[in-house]
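> Take this structure first; my questions come after.
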Amino acid sequence: MSKPDLSRPGPWTELFPHALALMNHLERETRNPLWTFGGGTVLMLRLGHRQSKDIDLFVPDPQYLGYVSPRLSDAAEAITADYEEHAEYIKLFLPAGEIDVVVGQSLTADPFDVVQHAGRPLRLETCGEIIAKKMWHRGDHVKARDLFDLCAVAVAEPKAIEHAAPFMRRHGAAFLQGLREASDVLRADFDRIDSIGRHPSFNECVRIATEVIEPTLGSETSSSADADGDPAP
């Protein structure tokens, strides 16, 4: 498992103290909330493959959103009054970027590891958990950065792909179809990704994604059945 480098510079370092303040408030107001830090920024901290600045925090209970909403929480309003609120997530907008608090259960068997930062433990999601969430929740809407992240994990940490594989079947066919029908906008978005080090080509990443996803699809019948059901590891 790739160890996170929490000393990596970037805009995320301006946002994360505010994110921690939110979670500290949540911990004071509730009993042992199991929140995790994931998304593209944690992949950046683990793999160093591209720049990512926004903070993605995951909570298991939608009731927790009330404690991080500027509409309901003075602690959140003290951070920003610019936000979007939805049933399953809240986006807080700050000058340095966004803090997203998302309702989402862990998917993989070992979804995070615990590291020490700023004198406290943090649950940082694993590469496998991050890819599983990306594919399970939004694999039917292809984003250039999700393709880039999938390929980076496949190259750097193949074992993580094994952990994420059961959660690719739900939208895997749609993801590959989106790549086959890739628009000029998707290709341009991919080329504009602020990579750290080598920037693989779009076609190279499509090939890797195809090799990763196709074996997970199974029969058309089972794929359709799983699309509306629970993930089957």
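The values are calculated or read from the model by the stated rules, or taken from the named source; none is laboratory data. Computed from a predicted structure; not experimentally measured. Virtual Cβ from ideal backbone geometry, glycine too; neighbours counted across all protein chains shown.
> Could you please give the count of residues in the stretch 19-34 that are under 22 Å from the mean Cα position of the chain (by Cα) and more than 20 Å from Gly104 (Cβ to Cβ)?
Summing the residues that are under 22 Å from the mean Cα position of the chain (by Cα) and more than 20 Å from Gly104 (Cβ to Cβ) in the stretch 19-34 gives 2.
> How many residues does the stretch 80-99 contain that are assigned to a loop (DSSP other than H, G, I, E, B), surrounded by 15 or more Cβ atoms within 10 Å (Cβ to Cβ) and out of contact with any strand residue (DSSP E or B) (no Cβ under 6 Å at 6 or more places or on another chain)?
The number of residues fulfilling the criteria is 1.
> Condition check: in a helix (DSSP H, G or I), within 20 Å of Val206 (Cβ to Cβ), in contact with a Ser or Thr (Cβ under 9 Å, 6 or more places away or on another chain) and not assigned by TED's automatic domain parsing to the domain that holds Leu47. Does Ala174 satisfy that?
Against the criterion (in a helix (DSSP H, G or I), within 20 Å of Val206 (Cβ to Cβ), in contact with a Ser or Thr (Cβ under 9 Å, 6 or more places away or on another chain) and not assigned by TED's automatic domain parsing to the domain that holds Leu47), Ala174 does not qualify.
> In the set Ala160, Ala96, which member is touching a residue at least 60 places away in the same chain (Cβ under 8 Å), closer than 24 Å to Leu6 by Cβ and outside the structural domain of Ala182 (by TED's automatic domain parsing)?
Ala96
> Would a scan of the stretch 22-37 turn up a residue that is in contact with a helix residue (DSSP H, G or I) (Cβ under 9 Å, 6 or more places away or on another chain), outside the structural domain of Asp149 (by TED's automatic domain parsing) and within 30 Å of Ser201 (Cα to Cα)?
yes
> Name every residue in the stretch 180-214 that is in a helix (DSSP H, G or I), among the hydrophobic types (A, V, I, L, M, F, W, C) and buried (at least 16 other Cβ atoms within 10 Å of the Cβ), in order of residue number.
Correct list: Leu186, Phe190, Phe202, Cys205, Val206, Ile208, Ala209, Val212, Ile213.
> Could you tell me which residue of the stretch 11-44 is surrounded by the most Cβ atoms within 10 Å (Cβ to Cβ), considering only residues that are touching a residue at least 12 places away in the same chain (Cβ under 8 Å) and part of a loop (DSSP other than H, G, I, E, B)?
That would be Trp35.
> Continuing with this model, one more query. Do we find a residue being touching a Pro at 6+ places or on another chain (Cβ under 7 Å) and either in a loop (DSSP other than H, G, I, E, B) or in the same structural domain as Lys53 (by TED's automatic domain parsing) (or both) anywhere in the stretch 115-122?
Yes, the stretch 115-122 has at least one match.
> Something else now. Given the criterion among the basic types (Lys, Arg), in contact with a helix residue (DSSP H, G or I) (Cβ under 8 Å, 6 or more places away or on another chain) and at pLDDT 95 or above, identify the matching residue among Lys134, Lys91.
Lys134
A quick yes/no check of all residues on (1) assigned to a helix (DSSP H, G or I); (2) surrounded by fewer than 16 Cβ atoms within 10 Å (Cβ to Cβ):
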| position | (1), (2) |
| --- | --- |
| Val101 | no, no |
| Gln105 | no, yes |
| Thr108 | no, no |
| Asp113 | no, yes |
| Glu129 | yes, no |
| Ala132 | yes, no |
| Asp140 | no, yes |
| Asp149 | yes, no |
| Ala164 | yes, no |
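> Taking into account only those residues within the stretch 53-78 that are of a type in the set (Asp, Glu) and farther than 19 Å from Ala96 by Cβ, which is surrounded by the fewest Cβ atoms within 10 Å (Cβ to Cβ)?
Asp74
> Also, I was wondering about something else. Could you list all residues from the stretch 113-134 that are without any contact (Cβ under 8 Å) to a residue 12 or more places away in the chain and touching a Lys or Arg at 6+ places or on another chain (Cβ under 7 Å)?
Val114
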